[in-house]
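See below for the structure under consideration.
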Amino acid sequence: MSRDIDWRSRRRQALEKARRVVVKVGSAVLTTDKGLDPRVINRLADQMAALHDRGLDLILVTSGAVAAGRHVLGEDPACMVHKQAASAVGQSRLMHGYDEAFGRYGKITAQILLTRDDLRSRERFLNARNTMSRLLEWRVIPIVNENDTVAVQELKFGDNDALSAMVANLVEADLVVNLTSAPGVFSDNPLTNPDAVFVPYIEDIAGMNLQTMCRGKTGAGTGGMLSKLMAARRAARRGVPTLIVSGKEKFALERIFNLEELGTWIAPTGKMLTGRKFWLAYHLDPAGSIAVDAGAARALQTGGKSLLAAGVVRVEGNFGVGALVSIVDLDDASVGVGLTNFKAADLRRIQGLSSVEIEKVLGPCPHSEVVHRDNMVLESAL
């Protein structure tokens with residue numbers, strides 16, 4: 001009982017203190033088989049406008065452009081090019097709906113379209129952060145979507161659940177509210193397992209087997225409960241709690257902030273990633289990989305050590321100095337990621353060598369570590 005009181009108290013305190021909130025709404029909530037549902041958009045704007053009047057900074061991460069375009073065109077886009085075209089048609093209609101809905105309350109909205117490339121570059125990341133900060137200072141409500149029209153597969157976030165976690169880091173949010181078609185998280189897929197039980201609180205999302213809980217997905221979008229929990233795990237690593245709740249529940253947002261217990265509360269992790277390490281872990285793509293022996297893997301995972309050349313057994317890729325690389329063990333299981341101090345060609349020459357031997361091969365080197373601990377994020381932290 002004391003544990004129940006404890007998490008409920010922490011949830012209540014977090015909601016009372018929250019001043020900057022990312023609200024994510026998915027296609028399964030926003031659309032029907034007839035396209036965008038204006039009633040849902042209006043109800044969402046009703047609630048967000050009321051919370052905005054209470055002084056909250058609100059950022060809306062929205063899906064729905066492809067689904068809206070699909071309805072207008074009468075086409076079911078299967079390939080990437082068709083989805084991009086449908087998004088171009090649907091995005092303007094999506095924003096028009098939001099602009100009209102929020103305009104009834106005198107609220108100004110701003111469209112922000114992002115790709116992973118915008119947040120992968122540190123300069124563009126900071127530009128996006130500065131723009132968001134200024135909009136929030138002006139009491140504008142940014143409405144964020146992935147720029148599906150130009151985002152090829154390697155530049156996509158994957159889905160807007162992942163985007164919501166990235167935006168939470170971008171704007172330094174206090175909370176993510178993920179509005180979905182389900183009432184929250186269950187112990188198993190309730191559509192296939194009648195014994196699945198509702199989970200009101202998740203304390204250690206990093207230690208959960210998310211795949212087991214999340215078989216199945218909603219119909220209109222790209223994600224499902226797995227993607228929502230993976231996004232919540234990312235946000236938790238940044239110290240941001242997530243609330244997964246039904247967007248079909250009447251006045252769900254208002255009721256949440258009036259401290260009614262709806263949905264599943266996912267607590268932040270005790271040990272959070274710094275902004276820089278979060279950026280390393282989730283915004284960059286590895287340019288190659290470094291395989292390490294069992295002793296090196298153990299030193300990294302439990303000893304808090306940097307990676308030395310002596311522990312390197314294999315180098316994959318053709319990366320340069322400062323590139324992000326995957327670090328794997330002898331079975332190719334992930335150990336972590338980090339920024340390398342050596343280019344791939346040099347690293348192949350010195351793998352397995354001691355620091356003294358490295359100097360004989362490469363001459364004086366500014367770094368003795370292949371990947372310094374400060375530039376590394378372990379798999380256990382992801």
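Only one of the listed residues (A128, A110, A86) is touching a strand residue (DSSP E or B) at 6+ places or on another chain (Cβ under 6 Å) and among the small types (G, A, S). That residue is A110. The residue that is surrounded by the fewest Cβ atoms within 10 Å (Cβ to Cβ), counting only those in region 315-336 that are among the β-branched types (V, I, T) and over 12 Å from V370 (Cα atoms), is V328.
From the list V66, V89, V29, the one residue that fits, being in a helix (DSSP H, G or I) and over 24 Å from the mean Cα position of the chain (by Cα), is V89.
Residues checked against (1) in a helix (DSSP H, G or I); (2) surrounded by fewer than 24 Cβ atoms within 10 Å (Cβ to Cβ):
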{"position": "R12", "(1), (2)": "yes, yes"}
{"position": "R43", "(1), (2)": "yes, yes"}
{"position": "G55", "(1), (2)": "no, yes"}
{"position": "V61", "(1), (2)": "no, no"}
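Against the test of being at pLDDT 80 or above, crowded, with 16+ Cβ neighbours inside 10 Å, in a strand (DSSP E or B) and not assigned by TED's automatic domain parsing to the domain that holds V61, the options I244, I290 yield a single qualifying residue, I290.
For every residue, the table says whether it meets (1) surrounded by fewer than 16 Cβ atoms within 10 Å (Cβ to Cβ); (2) of a type outside the set (D, E); (3) more than 30 Å from the chain's Cα centre (by Cα).
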| position | (1), (2), (3) |
| --- | --- |
| N341 | no, yes, no |
| L347 | no, yes, yes |
| S354 | yes, yes, yes |
| M376 | no, yes, no |
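Residues of region 160-207 that are over 17 Å from the mean Cα position of the chain (by Cα) and part of a strand (DSSP E or B): V185, F186, F198, V199, Y201, I202. Is at least one residue of region 264-271 outside the structural domain of D374 (by TED's automatic domain parsing), under 30 Å from S181 (Cα atoms) and at pLDDT below 90? There is at least one residue in region 264-271 that is outside the structural domain of D374 (by TED's automatic domain parsing), under 30 Å from S181 (Cα atoms) and at pLDDT below 90.
Within region 355-373, track down each residue that is of a type in the set (D, E, K, R) and without any contact (Cβ under 8 Å) to a residue 60 or more places away in the chain. Spell out the reasoning first.
To start, the set of residues in region 355-373 that are of a type in the set (D, E, K, R) comprises 357, 359-360, 369, 373.
Across region 355-373, the qualifying residues are E357, E359, K360.
Just one of the listed residues (A235, A296) is closer than 25 Å to E123 by Cα and touching a helix residue (DSSP H, G or I) at 6+ places or on another chain (Cβ under 7 Å), and it is A235.
The values are calculated or read from the model by the stated rules, or taken from the named source; none is laboratory data. Not measured: the values here are computed from a predicted model. Quick reminder, even Gly has a Cβ in these numbers, built from the backbone with ideal geometry, and neighbours come from all protein chains shown.
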